[in-house]
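Below is one structure, written out as structure tokens; the observations come after it.
The values are calculated or read from the model by the stated rules, or taken from the named source; none is laboratory data. What you see is a predicted model, and the numbers here were worked out from it, not measured in a lab. Virtual Cβ from ideal backbone geometry, glycine too; neighbours counted across all protein chains shown.
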Amino acid sequence: MIPNNSPWIHQLKRSRSVVPLNANATADVAIVGGGIAGIVTAFFTLRDTNKTVILLEADKIAHGATGHNAGQITSYFERPLSELVEEFGLELAIDGQRSIESAWTLIDQIMEEADLRTPLYRFTGYTGLSSFDQVLRHLKDNHYREEGGLQTEAMIVAEEWEERKNIPKAYAHLYGTVAHKDMLNLLETNNTGYVASLAFQKGCMNSALFTEELIGYLVTKYQDRFSLYEGSPVKTVRLKGADGSLGVLAHTVVAGNIVLCTNGFEHFSISNEVGPEIDTAFHHSIAGRIGYMSGYVEPLDNPPTAVSYFPKTNERNGDPTGESYFYLTRRPHEHEGKNLHSLVCAGGPEKVLPNGADYSRTHAYTEDMRDIIDDFLRSNYSKHPGPETKYAFCWHGLMGYTPNGVRRVGFEPCNPVLLYNLGCNGVGILPSVFGGKRISELLQGKEVSPSIFDPHDQTI
Ligand SMILES: Cc1cc2nc3c(=O)[nH]c(=O)nc-3n(C[C@H](O)[C@H](O)[C@H](O)COP(=O)(O)OP(=O)(O)OC[C@H]3O[C@@H](n4cnc5c(N)ncnc54)[C@H](O)[C@@H]3O)c2cc1C
């Protein structure tokens, strides 16, 4: 049995004891969920309004997806941009992409204003592509980025790759060519199946440490109007015309607005006293996937990086429309009290959580997942130390996928007392941060333009 052991949780130095809600309470805004989405939503709401805020976390801060992810900061959707253009039109899709990229600056602002020390490494990251379809799809995305006025992602294609001549002429200015071996060097692989590579800004951060540090700042800075309760699962959400109430343990929290930052819709019900019922359809629209990762510690011989590898056959388990891929990060890591190490993490294999089934963070990590990752690393990552590698960390986390793969941020159309900043969707650090800022703008009554993140009416 391998325990679920995340390096991000391992690095948390919690000194705060868990204080559950012990009486009825009221607040202008109640935020449910203490992952990065909930805490950043609290940050911007407290900073930019005078509202009182109460935050309720079922377990402990940052112990959900935020504490069990791959810790890679990246700005892509887990869906081609071209599909978002088809669904929403060019303007909205590009605006959505721009919003996600704007979260880099928001993270900088938060770190500076709250004087956070969580290390954040920025660098050019790479994505290895191995089929003509993948290359074409990314070129199409790049074409839309160009048309929409976004900086294009740099693409290089191996000179020796025969199929290169089939790339449409219209895309010729969107890629360059280099010797195959140089491209493989960038991808840190000896696997000659990779024929093209994208290069774009990426980063690495322990999002749990960031979240934990930020909550420490909020608790101290806003003592007069912010309260935090951990070990406080919300069981019921009742919406009325002017406010709503939450059933938490044996108590009730009444708030003018309720913001769900719960990643999905597990273990609570929503009832709407002034309009159509909204919970059932919505509940079932978030699909759970368990992502598995492994990490090993090595001497600090190489700079931080993030590389995604798209193998040739990559139909996603249980979802022929999705694409599976492996992702690798390498970053400096404090080990045995010394900062002279790197942590190399890789993930990719997933299991679908059947509808209605319970996910538990304490479930053991299965050996077959570690073996899949180990096999992948050995045949794709040229710096892998070899067969005897000991994985110091093996962990899994739950990703809630919205049907269209886009995070939901905004008012519930059937009752605006309720708001959402949720839907982890595999890549969620930047979207959660952007979502937190947008929620605070909505709570201030600011006019915001329609966006691809707007929740739609589930009753229609
Ligand atoms: C395996 C995996 C790998 C990932 N890799 C990356 C990556 O490399 N890059 C990236 O950008 N994103 C990645 N993500 C996604 C990213 O981690 C998430 O999108 C992000 O952390 C979401 O944060 P959140 O606050 O929305 O959710 P969470 O961190 O899950 O927080 C939700 C919180 O709500 C609480 N909660 C739920 N229900 C209730 C309730 N009823 N009452 C009170 N509290 C409740 C939970 O206990 C939890 O703490 C990955 C996710 C996983 C699982």
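Apart from one condition, Ala65 fits all of (1) more than 11 Å from the ligand (Cβ to nearest atom); (2) closer than 18 Å to Tyr420 by Cα; the exception is (1).
May I ask you to verify whether Thr66 is β-branched (Val, Ile, Thr) and crowded, with 24+ Cβ neighbours inside 10 Å? Here the answer is yes, as Thr66 does meet what is asked. If you go through the range 367-388 one residue at a time, how many are part of a loop (DSSP other than H, G, I, E, B) and either modelled with pLDDT of 90 or more or crowded, with 17+ Cβ neighbours inside 10 Å (or both)? Total satisfying the criteria: 4. Of all the residues in the range 248-268, those that are more than 10 Å from the ligand (Cβ to nearest atom) and touching a strand residue (DSSP E or B) at 6+ places or on another chain (Cβ under 8 Å) number 9. Between Leu418, Leu398, the distinction of being closer than 19 Å to Tyr292 by Cα and either more than 10 Å from the ligand (Cβ to nearest atom) or surrounded by fewer than 24 Cβ atoms within 10 Å (Cβ to Cβ) (or both) belongs to Leu398 only. Could you check, for the range 215-226, whether at least one of its residues is of a type in the set (A, V, I, L, M, F, W, C), over 18 Å from Asp457 (Cα atoms), within 15 Å of the ligand (Cβ to nearest atom) and in a helix (DSSP H, G or I)? Checked against the condition, which is being of a type in the set (A, V, I, L, M, F, W, C), over 18 Å from Asp457 (Cα atoms), within 15 Å of the ligand (Cβ to nearest atom) and in a helix (DSSP H, G or I), the range 215-226 yields at least one hit. Of the residues making up the range 144-165, those that are assigned to a helix (DSSP H, G or I), within 20 Å of Ser82 (Cα to Cα) and either more than 25 Å from the chain's Cα centre (by Cα) or among the acidic types (Asp, Glu) (or both) number 2.
Going through (1) loosely packed, with under 15 Cβ neighbours inside 10 Å; (2) within 14 Å of the ligand (Cβ to nearest atom); (3) among the aliphatic types (A, V, I, L, M) one by one, Ala242 falls short only on (2). Kindly indicate whether Phe88 is within 16 Å of the ligand (Cβ to nearest atom) and out of contact with any strand residue (DSSP E or B) (no Cβ under 6 Å at 6 or more places or on another chain). When the stated conditions are applied, Phe88 does not pass them.
Return a yes/no flag: does the range 387-395 have any residue that is more than 16 Å from the ligand (Cβ to nearest atom) and in contact with a Ser or Thr (Cβ under 6 Å, 6 or more places away or on another chain). No - not one qualifying residue is present in the range 387-395. A search for C-beta distances below 9 Å between a residue of the range 70-83 that is near the ligand (Cβ under 9 Å from one of its atoms) and of a type outside the set (Ser, Thr, Tyr) and any residue that is in a loop (DSSP other than H, G, I, E, B) and modelled with pLDDT under 95, counting only pairs 6+ apart in sequence or on different chains, returns Gln72/Val427. Inside the range 13-51, residues that are surrounded by fewer than 19 Cβ atoms within 10 Å (Cβ to Cβ) and either closer than 24 Å to Ile290 by Cα or not β-branched (Val, Ile, Thr) (or both) make up a count of 14. Right, Ile54: buried (at least 21 other Cβ atoms within 10 Å of the Cβ), more than 9 Å from the ligand (Cβ to nearest atom) and assigned by TED's automatic domain parsing to the domain that holds Ser432 or not? Considered against the rule, which asks whether it is buried (at least 21 other Cβ atoms within 10 Å of the Cβ), more than 9 Å from the ligand (Cβ to nearest atom) and assigned by TED's automatic domain parsing to the domain that holds Ser432, Ile54 comes out as yes. For the range 136-152, check the following and say yes or no: at least one residue is among the hydrophobic types (A, V, I, L, M, F, W, C), within 23 Å of Arg407 (Cα to Cα) and not assigned by TED's automatic domain parsing to the domain that holds Phe43. Scanning the range 136-152, I find at least one residue that is among the hydrophobic types (A, V, I, L, M, F, W, C), within 23 Å of Arg407 (Cα to Cα) and not assigned by TED's automatic domain parsing to the domain that holds Phe43, so the answer is yes.
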